[in-house]
Amino acid sequence: MNAMDRWVAAACAELDVDPAQVDVSQVLDLARDVAHNVLRPGAPVTAYLLGLAVGRGADPAVAAAALTALAAHWPENGGTGNGGTGNGGTGNGETGS
């Protein structure tokens, strides 16, 4: 068991969530796509939003795919899917000058 597995198991135990329901790769892929195509601080916020949607009954795979597509086509990134900070800034939420 690696550090991520131990963390997820402990966090799931703390929140009374079945670890089998947690697709770590899916969440990490989504966070990566948002961080690279929109902006870095958007990654954890998007992961939280995914969790809210799933908590309200959304299918995790469908919701993650929708958010990934949104990030890939984010207009401030030119919709190219390969954009860095996505806001002309530094990647920490600041705008460029």
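The values are calculated or read from the model by the stated rules, or taken from the named source; none is laboratory data. Bear in mind the structure is a predicted one, so any value in this text is a computation, not a measurement. Heads up, the Cβs are rebuilt from the backbone with ideal geometry, glycines too, and the neighbour counts pull from every protein chain shown.
From the list ALA71, ALA53, the one residue that fits, being surrounded by 19 or more Cβ atoms within 10 Å (Cβ to Cβ) and either at pLDDT 95 or above or farther than 21 Å from ASP23 by Cβ (or both), is ALA71. Selection over segment 4-20 of residues that are within 15 Å of GLY51 (Cβ to Cβ) and either surrounded by 11 or more Cβ atoms within 10 Å (Cβ to Cβ) or not acidic (Asp, Glu) (or both) gives a count of 6. In segment 29-37 there is at least one residue that is surrounded by 10 or more Cβ atoms within 10 Å (Cβ to Cβ), touching a Phe, Trp or Tyr at 6+ places or on another chain (Cβ under 8 Å), at pLDDT 95 or above and of a type outside the set (D, E, K, R).
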